[in-house]
Structure formats: structure tokens, C-alpha cells
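The values are calculated or read from the model by the stated rules, or taken from the named source; none is laboratory data. In this text the structure is predicted, and so the values were computed from the model without any measurement. No Cβ is skipped: glycine too gets one built from the backbone with ideal geometry, and neighbour counts run over all protein chains shown. Note: accessible area is taken over every heavy atom of the protein model, side chains too, but ligands, DNA and RNA are not part of it. Shrake-Rupley method; radii C 1.70, N 1.55, O 1.52, S 1.80 Å.
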Amino acid sequence: MMKIDDQITIAALSAVKELYGAEVPKQMIQLQKTRTDFEGNLTLLAFPLLKTSRKKPEETAQELGAYLKEHCKAVADFNVVKGFLNLVIAKEAWIELLNGIHTDEKFGMKTATETSPLAMVEYSSPNTNKPLHLGHVRNNLLGWSLTKIMEANGYKVVKTNIVNDRGIHICKSMLAWQKWGNGITPEQAGKKGDHLIGDFYVAFDKHYREELKTLKAQYLAEGLDEKAAEAQAAENSPLMKEAREMLVKWEAGDEAVRNLWQMMNNWVYAGFDETYKALGVGFDKIYYESETYLEGKKKVEEGLAKGLFVRKEDNSVWADLTNEGLDEKLLLRSDGTSVYMTQDIGTADMRFKDYPIDKMIYVVGNEQNYHFQVLSILLDRLGFQWGKDLVHFSYGMVELPNGKMKSREGTVVDADELIAAMIADARQTSEELGKFQDMTDAERNEIARIVGLGALKYFILKVDARKNMLFNPEESIDFNGNTGPFIQYTYARIRSILRKAADQALTIPAALNSDAPLNEKETALIQKMNDFGAVITQAGVDYSPSGIANYCYELTKEFNQFYHDYSILNAENNNEKVVRLVLATNVAKILKNGMSVLGIEMPERM
């Protein structure tokens, strides 16, 4: 089946050649949807062709319209408004298009083959000193959706995670557990492991602040000024000194410290896994910074030997990026320890050895824009084929009505609590609206889970990822407007209609006859459905789930307007019923496929 746009484009190229004796490039045939205040479905712009036709816009459009009406079976009629050629598409062409959508279960989505390029997507990137929070939720949802977008665009995809499991922040939690934990385990505490360790991270900060306050007062009493007293307090803090000593022992491979680290990290990983499962995300390969930082040091030393980097008098190693319009970048400290950049180089090296990566996409917040600009240059210098073209999927922060989140102070919005609250809100709202009639409690719980998570995911993914966003749980649960539940409810309504049709022994054919009846609302719906493939493609170009989210909302609105005006099961005759059932079937299919790319489930009932 040739698309309507393609049929018109080919015919228009022939028209230009026959009418004006010239061959023009395909991009000069510009089609767009006809404005709602004019008759027609597609509009061809005559303006790009005026140099070729050497005629006025109206005359050129008139001649092209007459040619297309005679030679292109997709065009039933036309009208001209200045240089705009408004084309009325033939009913048979719409039926053919609908049949093409109807027979393709994955309409608009590509499938990877053995020769497809491989994209690796890194997302989540948690620290093992605290549980996942709302910021991680946005990261995970964006990352998971991006993997699905790449798959829908024909890529093979590897979903990967890099866990920050080393450093001073990890030692803070470990030291706090040693000092104030009394050997407690997650089981004894009745808590997920990541929550328990997060509590000790907060506890360390609390004691550290108290210690700083005491020390500062002491130094002020000794005659130091405010700034000097604060500096002395920070430098001489016994608690921070112990944490640094623990880090040195970890670096040296101290058995007791390493065993404690391993035990506490395993508690955290078990907690993370529960959260990932609840969110519906996962990974094909997980890397750990405790392993990758050593590989990074090796790669930096190799680069140093090749003259790519320089060692300074204090023994630190730097990359000179002034030729790229940037500054110098530290890669190894004077004591030989690595920085985040070094770890990312090591992680890239390990990944490149593990997979034949064609495209590497990092899902990381926009505060790291400069970091990834530098990383791209360094990886390219070190010979990674995809280094120069790596993609930093840079997204904005999630903010709350009462301000920003702070991990050390324990004021973050916990991911587990957020998920549970969304599900509880979905259940309460559904019960208040009377949507849980004649359901078992198990069914109610499952629908509340699907709707609650759908509300959360959609609210986050519908926003342009590059922008900061304000998360409002109450808005997200609304069953009206641009929300996940609104789209889910429409899908469930269609599924209910199809079940009733089956009960009435109405059969949905494999294809409609060319003389099947169609009205303007139905052709508009077909035209909207046909946009799905272009939306998927554009999402792959832009690395943006928001376009898909908002398309699903627009398609849902279009269907609801149609359903408001025209009955499906009570249509005037059987032919109309069949056409509308085919339309409803495919709207549901596209909504389900589109929302699945966002990681959102669709309920059969609501």
C-alpha cells in the first residue's frame, strides 16, 4: 500500500514535469494538513514551485489541482486559496489507508533485524547511600521510554545502568551504621535495604552538622572570625576524618571495610530491584563504578603515554581542551585517585569491549551538560568510534510545590512512597467516581496499580524532557484532560464496546470494502491515526517521549469527539457499525502501542 502523501507527491512531480517541462527535487512538493476552516484534507504549497511555473500562485495551484484530480486516484476534488492547493482525498483512498493500518499490528513501528544498529541507553545511575527519589523516577521513566523509542525505530537496544557504589558518600552511611546502627539489618528494621542505608546517610549529616556547630563555637571563642571558624571546623571534624580514613582503607582493599561495604550494598541493591520492578523498568547490563574507575585510570595512563594528556609537577594528570574552546580538565588527582570523568572513560571502555555499540545515549540531568561535552571530546581522542557522536539526553529537574529536594536532609520525595501514594490515589478516585462496580478486590487493586502508575508516568513524560517540571500528583490522577487516566479510560471504553460487539455477534472483517461508508469525522480519525508512524520517527530523531505522549492525547480527544457525535453499536445500519468497529479497534491498538512506548500499561476495564 502506497501512502496517500506518497501518491500525491509522485503525481505532483509528474505534473510539474508535464506542465512546466522541469524536474524538481521531491522536497519541493510540500504537503501539510488543511486548515480546519477550509475544505480539504491535505494542502499542497504552490509557492516553492513558482520559479519553475513562472506563473502566479493561484494559477499554478489551479493547474496542479486539475492535473492531480485527473491523474491521481487519491484526489477526489480540490480548491485553491491563493497559493494553497487544498486537496479533498477520495473516500477509497481513506478506506485503503485504514485497511493498511488494520492489517498491521505494529503499525508505525519498526522491528530490529540482525543487521540493525545497536544503541546503548544508560539511565538510573543511583548512589548506594540512599533510596531512589522523584528525580530518579524521572530519569528511569525517560530512560526506559527512550529504549522503547529506539526499538520502535528499528534499533537493537541494550539497557544499561552505572551504579555509583564508591566514594566518600558511601563511607558516610557505612560509618554511621557502625556508630549508631547496633548491627541492625533491613529484616530487623522492617525496612527495604536502600531506605535503611539512606537513614544512616541522613544520620551522619545530622551528627556532622552538630559537630560542626560545636567546633565552630569553640573556634569563635578562641578569637577566629566567622569564615575562619567554619573552615577550621570543617577541616578538623573528627567524624569527617573517620569517613576519609574509611575511604582510604576501602581504596587499599581493607578486608573488614570491604566486607561491610559489600553487605550494605547488597541490602541497597535488593531495595533498588523492588523499586525498579514497581516502576516497570529494568536493565540488560549493570556496571559498577567500583570496577570501572580502575579501567578509567588505565585508559588515562595509556592516553598519557600517547601524548594525549599531560602530567603536571604535582603528579596530577590533565587534558588540555583549550583548542576546543574549553579549559583544562583534571583526570587523575596528584595522589593518583580518579575523578568522575575518569570513571566514565573506564565505563565506556568496558562497554565498548562488551558490545558493538553504534550509538551511545546517556540519560543524565542538565547540570552535567559540560561534563558530557568534555567526555565526548576525550572519548573521541581515545579512539572510541561513537565518542564524538555520543548523545547526552539532557533533562531538567523535577521540582515540587514546596521547593527543591535535598537528600542529606531527608527531604526528598521517596520513589517507593510516591508509587504507593499514586496507586492509593487512583483507587480512591476510581471508587469515588463509581468505576469499580462489579469488580473483585484483586481486580480493583490491579486497575489501581495500572492507573496510578499510568498517571505518574504520563505526567512526567508528557513534559518536554529538557525543561524543569513541577510535579503535582493531584493533577496527574484526573480522569479528564491531558492525563494518563484519561487516555487509559478511553482505551478501556473501546475495549468494552468491542466486547459488547462480540456479544452481539458482530464480526470485524480483515479488511473493509472500498465502498464502505465514511463521514468527515471518520476520515479525520483515519488521518490522525496515520500520523503515528511520523510521530514515532520524530521521537527517535529528537530523543523525546513527550511527542508520543501528546499524540496519544490528541488521538484520544479525536476519538472521543467522534464517539460523542456518532454511535458505534447503535449506528443506522450494519455497514456503518462495521466501519466504526474497525476504527475503534485501531484507535485502541495505536493507543496501546503508543502508551507502551512510554512504559504505560492499558487496562481492559476501568
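Every test in (1) open to solvent by 50 Å² or more (accessible area, probe 1.4 Å); (2) within 21 Å of GLN504 (Cβ to Cβ); (3) of a type outside the set (Lys, Arg) is passed by GLN538 save one, and that test is (2). Report whether or not VAL300 is in contact with a helix residue (DSSP H, G or I) (Cβ under 8 Å, 6 or more places away or on another chain), open to solvent by 10 Å² or more (accessible area, probe 1.4 Å), at pLDDT 95 or above and aliphatic (A, V, I, L, M). It is false that VAL300 is in contact with a helix residue (DSSP H, G or I) (Cβ under 8 Å, 6 or more places away or on another chain), open to solvent by 10 Å² or more (accessible area, probe 1.4 Å), at pLDDT 95 or above and aliphatic (A, V, I, L, M). The set of residues from the stretch 31-54 being more than 38 Å from the chain's Cα centre (by Cα), among the basic types (Lys, Arg) and under 22 Å from LYS3 (Cβ atoms) is empty. The single residue among LEU555, LEU598 that is without any contact (Cβ under 8 Å) to a residue 40 or more places away in the chain and within 24 Å of LYS148 (Cα to Cα) turns out to be LEU555.
Quick grid of which residues meet (1) open to solvent by 70 Å² or more (accessible area, probe 1.4 Å); (2) out of contact with any helix residue (DSSP H, G or I) (no Cβ under 9 Å at 6 or more places or on another chain); (3) at pLDDT below 95:
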position	(1), (2), (3)
ALA252	yes, yes, yes
GLU255	yes, yes, no
TRP261	no, no, no
MET264	no, no, no
VAL268	no, no, no
ASP273	yes, yes, no
LEU279	no, no, no
TYR287	no, no, no
TYR293	no, no, yes
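If only residues of the stretch 59-100 that are open to solvent by 20 Å² or more (accessible area, probe 1.4 Å) and among the polar types (S, T, N, Q) are counted, the one that is nearest to the chain's Cα centre (by Cα) is ASN99. Residues in the stretch 328-356 that are surrounded by 15 or more Cβ atoms within 10 Å (Cβ to Cβ), over 24 Å from VAL310 (Cβ atoms) and at pLDDT 95 or above: MET350, ARG351, TYR355.
Filtered by the rule that a residue be touching an Asp or Glu at 6+ places or on another chain (Cβ under 9 Å), open to solvent by less than 90 Å² (accessible area, probe 1.4 Å) and under 13 Å from PHE78 (Cα atoms), the stretch 25-58 gives GLY40, LEU42. Only a single item in (1) modelled with pLDDT of 95 or more; (2) over 23 Å from TYR201 (Cβ atoms); (3) part of a helix (DSSP H, G or I); (4) not hydrophobic (A, V, I, L, M, F, W, C) is not met by GLU242, and it is number (2).
Could you go through the stretch 389-404 and let me know if any residue there is at pLDDT 90 or above, touching a Lys or Arg at 6+ places or on another chain (Cβ under 7 Å), within 21 Å of TYR276 (Cβ to Cβ) and crowded, with 17+ Cβ neighbours inside 10 Å. Yes: one or more hits. Please tell me if GLU554 is among the charged types (D, E, K, R), surrounded by fewer than 19 Cβ atoms within 10 Å (Cβ to Cβ) and under 21 Å from ASN482 (Cα atoms). So GLU554 passes the test.
Of the residues contained in the stretch 151-169, one or more are found to be surrounded by 24 or more Cβ atoms within 10 Å (Cβ to Cβ) and within 15 Å of the chain's Cα centre (by Cα).
I'm told LEU134 meets every condition in (1) modelled with pLDDT under 95; (2) open to solvent by less than 20 Å² (accessible area, probe 1.4 Å); (3) touching a His at 6+ places or on another chain (Cβ under 9 Å) except one. Can you identify the failing condition by its number? The single condition LEU134 does not satisfy is (3).
Only one entry in ARG209, ARG138 is within 28 Å of ASP354 (Cβ to Cβ) and of a type outside the set (S, T, N, Q), namely ARG138.
Those helices (runs of 4 or more DSSP H) of the stretch 127-238 in which 2 or more residues are in contact (Cβ under 8 Å) with a residue 12 or more places away in the chain and within 29 Å of TYR287 (Cβ to Cβ) occupy 134-152, 168-180, 193-221. Being under 25 Å from LEU331 (Cα atoms) and in contact (Cβ under 8 Å) with a residue 24 or more places away in the chain is a condition met by no residue of the stretch 262-269. Taking every residue in the stretch 32-56 that is over 23 Å from LEU525 (Cβ atoms) and pairing it with any residue that is in a strand (DSSP E or B), at least 6 positions away or on another chain, the pairs with Cβ-Cβ distances below 7 Å are LEU45/PHE84; ALA46/LEU85. Can we say LYS192 is crowded, with 19+ Cβ neighbours inside 10 Å and at pLDDT 95 or above? Yes, satisfied. Scanning the stretch 571-606 for residues that are of a type in the set (D, E, K, R) and assigned to a loop (DSSP other than H, G, I, E, B) gives GLU572, GLU601, GLU604, ARG605.
Among the residues of the stretch 570-595, just one is small (Gly, Ala, Ser) and free of Cβ contacts under 8 Å to residues at least 40 places away in the same chain, namely ALA571. Sort out which residues of the stretch 555-570 are assigned to a helix (DSSP H, G or I) and either closer than 13 Å to MET595 by Cβ or among the hydroxyl-bearing types (Ser, Thr, Tyr) (or both), and write them in order of number. LEU555, THR556, TYR563 - these are the residues of the stretch 555-570 that are assigned to a helix (DSSP H, G or I) and either closer than 13 Å to MET595 by Cβ or among the hydroxyl-bearing types (Ser, Thr, Tyr) (or both). For the stretch 282-316, a tally of residues being of a type outside the set (D, E, K, R), within 19 Å of GLY383 (Cα to Cα) and free of Cβ contacts under 8 Å to residues at least 40 places away in the same chain returns 5.
Taken over the stretch 584-599, the criterion of being closer than 17 Å to TYR489 by Cα and open to solvent by less than 10 Å² (accessible area, probe 1.4 Å) is satisfied by ALA584, ASN586, VAL587, ALA588, ILE590, LEU591, GLY594, MET595, LEU598. Quick check, is THR103 open to solvent by 10 Å² or more (accessible area, probe 1.4 Å), hydroxyl-bearing (Ser, Thr, Tyr) and either out of contact with any Lys or Arg (no Cβ under 9 Å at 6 or more places or on another chain) or modelled with pLDDT of 95 or more (or both)? Judged against the criteria, THR103 is a match. Scan the stretch 435-468 for residues that are free of Cβ contacts under 8 Å to residues at least 60 places away in the same chain and among the hydroxyl-bearing types (Ser, Thr, Tyr) and the total you get is 1.
Residue count for the stretch 484-508 under the criterion of being surrounded by fewer than 21 Cβ atoms within 10 Å (Cβ to Cβ) and β-branched (Val, Ile, Thr): the result is 3.
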